[in-house]
Amino acid sequence: MKALFIYLNRNTYLVKSQNMNILAVYVYGYKTPTTNADKPLLNFRCVPSGFAAVLTEIRKNGHNVELAVYSPYIDINKLTEKKLAGKKYDFVCITAVSTHLKIVKKIAEKIKSIQKNAVIMAGGPHATLNPSDFLKDPNFDAVCVGEGFVTIKSFLKYLEKDKRADQLKGFIIKENGKIIENKAAPFSDFKKFPVIDRSLWDKYIADKTSHSILLSRGCVYQCSFCSNHIMAAKNKGLYCATRSVKNIIDELKKINKTYKNVSLVLLESETITIDLKFTYKLLNAIIKYNSRLRSKIRFTANISFNGAVYKDADRFLKKLKEANFVEVGIGLESGSQRIRKEVLKRPSYSNNEFIEFCKKIKNADIFVSLYVMIGLPYETEADIDKTVKAVEKINPYSVRPSVFYPYPGTEIYKIMVDKKMIDANAVFTGWDERIKPVIKYRNLNKQTIIKNFNYLQSKYGINRKYNRVKAVSNMLKSTR
C-alpha cells in the first residue's frame, strides 16, 4: 500500500498506511569469545524484554519490522547504510541506556541524513529518565516515557493520523516546531505482558539453547545505584507487579516448541524472593511442566537476599532443586557493610548471613554466581579488601565484577554531582563503562580499582579458561 505523507516540520512526517515499514535499533555493548559481527548476541538472555515486547506488539498490528543490532564489532555508518539501502522506513524506534547516548545519537543522525522523512523515536531507560537529551537533538521526533508495550499502539495510530499528538499519554512529541508533552500513561496490567516474538532476533543469536523469560516489573528496594524506584515515579499506578503463572508457562511452552535442545532458561526478575507465595506457585507449575518432558529444561534466576528467604532457605532451595535450577545469581555488591548501608542503601544483611546462605545454595548442588562492584564512592582500599575476602570465603562458581559507574537519574548520581565528584550532566558513553574506571576519587586510585577488578575477573570471571557458558553447557550434557 502506498503511503500518504502529512507534513509536521522540516524533518518529520506522519504516514497514513495500514502496513508501515519500521526499523528497530538496539545497541548491545559486549563482546564474548563465541560472538561476532553477524551474531553479536550470545543467547536470548541478551535480548531486552521490554523492547522485544514493544516490537512484538508492533508486528501484531500488521507492520513490517526490521531489526538492526549495533555492537562493538561493527562500524555505525556502514551498518546504517547497509540497513537503509534500497529501503524506505516510515518509523524508526531506538532503545537507549545512558552509556550508549552518543552512539544512538550518531545512529539517528546517520539515518536522518539518508531518510529525512523517517519519524525517529527514542525509548528505554535513558529516554524515560532524561527525555530532554533527545528532545534537544534535531534528529529525534518523539520520546517514549515509561513502558511502551501498551502505549505503542496509540503512537502507531498517531502515525496513521488516527490520533492527535496531544492524545498520546506517555509520549513527548515534536510537531510544527513545538514540543507537546503529554501526561504519563498509567502502568499497564503486567499480567498482560505479551509472550514475546523471538523470531525477529533469531539471526543475531549465537546460541539458541539459552533463553530468558521476564517474570515481573520493578523492585521494592530503594538501592541508590538503581533506577527502578525512580522509574516507578514516572507513571501512575502499581509499578511492582508479576505476570500470571499461566502466562509465564505459556511462554516457556512456546520457547520449547519453537527451538531445539532448549537447555537453560533465565527467569528474569528483580523480586523473585520478595513474594515467596508467587515464587512457590511458579516453581510448582514449572515442576509440573518439566515432569512431562523427556529432556528436562534447566533454570537459573537472579535472587535478592533478604530476611524472608534467609529464614526459609531450606524449603526455598529444596524447591529450586525440584524445579531443576542449576544456578542462581545473587548480589553481594560490596563486602563492606558500611558501603552497603550508607552508600548503596542495600537491604540490611551481614557478611556472615550472606556467606552462610551462599554455602547452603552450593550444598544444594546449585551454582552460585555473584555480582560485585569495585570503585564505589566513599570506598576505601580496606572496603574493597572486605569484598574480595567475602568472595573468597564463598568461593562461587563465577563472579560478575563491575567497575562502578553512576547512571544519570539514579540517587547516587545526584549525590555525586552535589558533592562535586562528577560534573553535572556527566555521561560516560561507549562500550565498556563497567570494565574501566572513569571517575577520580581522592581516597581511591584507579590502579587499586583495576587491580582488584582484574583479580576477580581472572579468578572467577565468565571469560576465564573454563568459561561460564562452556562449563554450564558441559554440565548440562553430562546430566541429560
Filter segment 51-86 down to the residues that are within 22 Å of residue 212 (Cβ to Cβ), part of a helix (DSSP H, G or I) and open to solvent by less than 40 Å² (accessible area, probe 1.4 Å) and list them by number. 51, 52, 53, 54, 55, 56, 57, 58
Residue within segment 92-103 that is among the β-branched types (Val, Ile, Thr), open to solvent by 20 Å² or more (accessible area, probe 1.4 Å) and assigned to a loop (DSSP other than H, G, I, E, B) present: yes
If we scan segment 116-124, do we find a residue that is among the basic types (Lys, Arg), under 16 Å from residue 174 (Cα atoms), open to solvent by 10 Å² or more (accessible area, probe 1.4 Å) and not in a helix (DSSP H, G or I)? yes
Of the residues 339, 361, which is open to solvent by less than 10 Å² (accessible area, probe 1.4 Å), closer than 28 Å to residue 414 by Cβ, part of a helix (DSSP H, G or I) and at pLDDT 95 or above? 339
Within segment 147-174, can you find the residues that are of a type in the set (A, V, I, L, M) and either open to solvent by 30 Å² or more (accessible area, probe 1.4 Å) or closer than 22 Å to residue 50 by Cβ (or both)? 150, 152, 156, 159, 168, 172, 173
Take segment 1-39 and flag every residue that is buried (at least 16 other Cβ atoms within 10 Å of the Cβ), β-branched (Val, Ile, Thr) and at pLDDT 50 or above. 22, 25, 27, 32, 35
Residue tally, condition more than 23 Å from the chain's Cα centre (by Cα), buried (at least 21 other Cβ atoms within 10 Å of the Cβ) and in a loop (DSSP other than H, G, I, E, B), over segment 320-336: 3
Among (1) closer than 22 Å to residue 391 by Cβ; (2) modelled with pLDDT of 95 or more; (3) in a helix (DSSP H, G or I); (4) among the β-branched types (Val, Ile, Thr), residue 300 falls short only on (3)
Can you run down the residue pairs with Cβ atoms below 6 Å, 6 or more apart or on separate chains, where the first is in segment 27-38 and among the charged types (D, E, K, R) and the partner is surrounded by fewer than 18 Cβ atoms within 10 Å (Cβ to Cβ)? 31/72
Could you grab me the full set of residues in segment 272-301 that are among the polar types (S, T, N, Q), under 17 Å from residue 211 (Cα atoms) and surrounded by fewer than 19 Cβ atoms within 10 Å (Cβ to Cβ)? 290, 295
Of the residues that make up segment 47-55, is at least one over 29 Å from residue 262 (Cα atoms) and of a type in the set (Ser, Thr, Tyr)? no
Looking only at segment 397-419, filter to residues that are over 18 Å from the mean Cα position of the chain (by Cα) and open to solvent by 10 Å² or more (accessible area, probe 1.4 Å); which one of those is farthest from residue 224 (Cα to Cα)? 397
Could you check segment 431-472 and list, in sequence order, the residues that are among the small types (Gly, Ala, Ser) and either farther than 19 Å from residue 35 by Cα or at pLDDT below 60 (or both)? 458, 471
Restricting attention to segment 175-199, which residues are closer than 25 Å to residue 118 by Cβ, of a type in the set (D, E, K, R) and open to solvent by less than 60 Å² (accessible area, probe 1.4 Å)? 175, 197
Here the residues within segment 214-236 that are within 24 Å of residue 372 (Cα to Cα) and either at pLDDT 95 or above or open to solvent by less than 30 Å² (accessible area, probe 1.4 Å) (or both) are 214, 215, 216, 217, 218, 219, 223, 224, 228
Could you tell me whether segment 83-106 includes any residue that is more than 28 Å from residue 247 (Cα to Cα), among the aromatic types (Phe, Trp, Tyr) and out of contact with any Leu (no Cβ under 9 Å at 6 or more places or on another chain)? no
Inside segment 225-237, can you point out the residues that are over 19 Å from residue 304 (Cβ atoms) and in contact (Cβ under 8 Å) with a residue 24 or more places away in the chain? 234, 235, 236, 237
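The values are calculated or read from the model by the stated rules, or taken from the named source; none is laboratory data. Remember, it's a predicted structure, so these values are computed and weren't measured experimentally. A quick note on method: Cβ atoms are made from the backbone with ideal geometry, for glycine too, and the neighbour counts reach across all protein chains shown. The accessibility values were calculated without ligands, DNA or RNA, using every heavy atom of the protein model including side chains. Shrake-Rupley method; radii C 1.70, N 1.55, O 1.52, S 1.80 Å.
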